[in-house]
Amino acid sequence: MNIKTRLAVRFTGIVAVILTVFSFSLFYFSANYRQDQFYSRLEDRAHSTARLLFALKKENIDLFKIGKSSDIYPDRDIFVYDESGRIISTNDKSSPVEQYVFEKLKKEGEIRFKNGDKEGVGFRFKSDDKNYYYIVSAYDTYGLKKLYFLKFSLIVGWLFSIIITAIASWFYADNSLKPISKVIEQVKNISAKNLGMRVDTGNGTDEIARLSIKFNMMLDRLESAFKMQQSFVSNASHELRTPLTAITGQIDVALMHDRNSDEYREILSSVLEDIKNLNQLTHGLLDLAQVSVDESVIRMDSLLRIDDLIMQIREDMIAVKKDFYISLFFEDSPEDENILSVKGNENLLRIAISNLMSNAYNFSKDGHKELMISFRFKRDQIIVVFKDKGIGISQDDLNRITEPFYRASNAINIKGHGIGLSLSDRIMRLHQGEMLIASKLNYGTSVTLKFPVNKF
């Protein structure tokens, strides 16, 4: 059963239940009201007749005959009993009541009862210091006809209402689900070959529109992932092929004829350099693959002091690169040192910051290997700025500089693979942070990292 049919059936069922409860309630209260009114009218007539009967001292049925001809209940049965239970007066052709009715009346003094299809009342009254018992019953022809007509009207109305509701709910469900059917048709046309297509978001406010917006956002991520995958495979294969080709060529040349030890040493040194280059590239590819997987598999539960982490990386960096000068500058000091703490993955943050420091060294001019790291603090952010005096990046290259394997036009002759900045950018986004790059050719580059303050 599809959603349209289920909606129509459920809506019709709900209306059917509501109408059923309403109809039964209306009939029940109407029946009780009819019965109560009938008993009240019967009691009023019975009391009047009893008072008249004993006022005239008529212990015969002549008075009942007169009353019967002018009564609204001409077929009523009337009995008058004395204390011993003897019938002292009755009307013509009255159907006798059960003995238990008299016994109950004698015990309680006033009753209401049913005698077959007739309803009746009984009461006790005194005359000449004697107790008498008056019992009258009748068939409420007028009231029952009205009740029957009400029942018939409710049943017919219920049936017609259900039929109309079923038809209306079917058309309503069909009309309500048209936007979903439209989305389904649009989704059918989206495949890996045309991920650029998007689903119509309609008015942009209802639930279906919000679903379409979320679906389009998912398509954006898929398209980005596909493009990244294609670029990654293409560039990775190219980058890996270059050092492997160089290594193979050098080994082939070395094997062409015998050489002396210095020549072999020179060739092995060149091969070792290529292997180191290949090893560095492999590690970069592995790191990039790690941060490109589902975020849920990356542990982000470490609480880190970002200033301490940067200082540790700085010490490790200048221990290897003796000509590299890295200065630290705090523009302001927070009152609460916990503001310096960031929740995340220490290894990934170390990679991101190390890449920025390495880039500052590699792309700085000889004799000016300098990097200044400054800290600023806001209510909800830790801002760390890495500023060097290197060769800079052109405005055209800035828009693509964080793409994997992309290298600026002025950095082609400098050793590297174009992985560092893309890796750092991805790591910052994993930590709900942001990386901004500003640069000017021949004047240097400024990279700003914005970390969200850890909330305790």
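Could you tell me whether F375 is over 24 Å from F330 (Cα atoms), of a type in the set (F, W, Y), buried (at least 17 other Cβ atoms within 10 Å of the Cβ) and under 47 Å from the mean Cα position of the chain (by Cα)? Here the answer is no, as F375 does not meet what is asked. Return the residues of the range 23-38 that are in contact (Cβ under 8 Å) with a residue 60 or more places away in the chain and either more than 59 Å from the chain's Cα centre (by Cα) or farther than 30 Å from I135 by Cβ (or both); say none if nothing qualifies. Answer for the range 23-38, where residues must be in contact (Cβ under 8 Å) with a residue 60 or more places away in the chain and either more than 59 Å from the chain's Cα centre (by Cα) or farther than 30 Å from I135 by Cβ (or both): S23, L26. Does any residue of the range 403-417 turn out to be crowded, with 17+ Cβ neighbours inside 10 Å, over 30 Å from S302 (Cα atoms) and free of Cβ contacts under 8 Å to residues at least 12 places away in the same chain? Yes, some residue in the range 403-417 is crowded, with 17+ Cβ neighbours inside 10 Å, over 30 Å from S302 (Cα atoms) and free of Cβ contacts under 8 Å to residues at least 12 places away in the same chain. If we keep just the residues of the range 245-299 that are among the aliphatic types (A, V, I, L, M), modelled with pLDDT of 80 or more and exposed (fewer than 12 other Cβ atoms within 10 Å of the Cβ), which is nearest to the chain's Cα centre (by Cα)? Here the residue is L272. Taking the range 418-432 as the range and being in contact with a strand residue (DSSP E or B) (Cβ under 8 Å, 6 or more places away or on another chain) and touching a residue at least 40 places away in the same chain (Cβ under 8 Å) as the test, the residues that pass are L421, S424, M428, L430, H431. Hey, any hits in the range 383-395 for a residue that's closer than 21 Å to D307 by Cβ and surrounded by fewer than 16 Cβ atoms within 10 Å (Cβ to Cβ)? Within the range 383-395, not a single residue is closer than 21 Å to D307 by Cβ and surrounded by fewer than 16 Cβ atoms within 10 Å (Cβ to Cβ). Of the residues making up the range 418-438, those that are among the polar types (S, T, N, Q) and surrounded by fewer than 19 Cβ atoms within 10 Å (Cβ to Cβ) number 1. Across the range 307-348, the qualifying residues are those that are assigned to a strand (DSSP E or B) and touching a residue at least 60 places away in the same chain (Cβ under 8 Å), and the one among them that is surrounded by the most Cβ atoms within 10 Å (Cβ to Cβ) is G344.
Here V97, V80 are screened, and the one residue that is at pLDDT 80 or above and surrounded by 16 or more Cβ atoms within 10 Å (Cβ to Cβ) is V80. Can you tell me how many residues in the range 10-22 are touching a residue at least 60 places away in the same chain (Cβ under 8 Å) and closer than 20 Å to N175 by Cβ? So the answer is 3.
You will find that of S364, S394, the residue that is among the hydroxyl-bearing types (S, T, Y), in contact with a Phe, Trp or Tyr (Cβ under 9 Å, 6 or more places away or on another chain) and in the same structural domain as Y325 (by TED's automatic domain parsing) is S364 and no other. Just so you know, in the range 156-173 the residues that are surrounded by 15 or more Cβ atoms within 10 Å (Cβ to Cβ) and among the aliphatic types (A, V, I, L, M) include one that is nearest to F24 (Cα to Cα), and it is I162. Taken as a whole, the condition of being within 60 Å of the chain's Cα centre (by Cα), over 20 Å from L19 (Cα atoms) and assigned by TED's automatic domain parsing to the domain that holds F22 does not apply to K182.
The values are calculated or read from the model by the stated rules, or taken from the named source; none is laboratory data. As the structure is a computational prediction, the values presented were derived from the model and not from experiment. Glycine also receives a Cβ, built like all others from the backbone with ideal geometry; neighbour counts cover every protein chain displayed.
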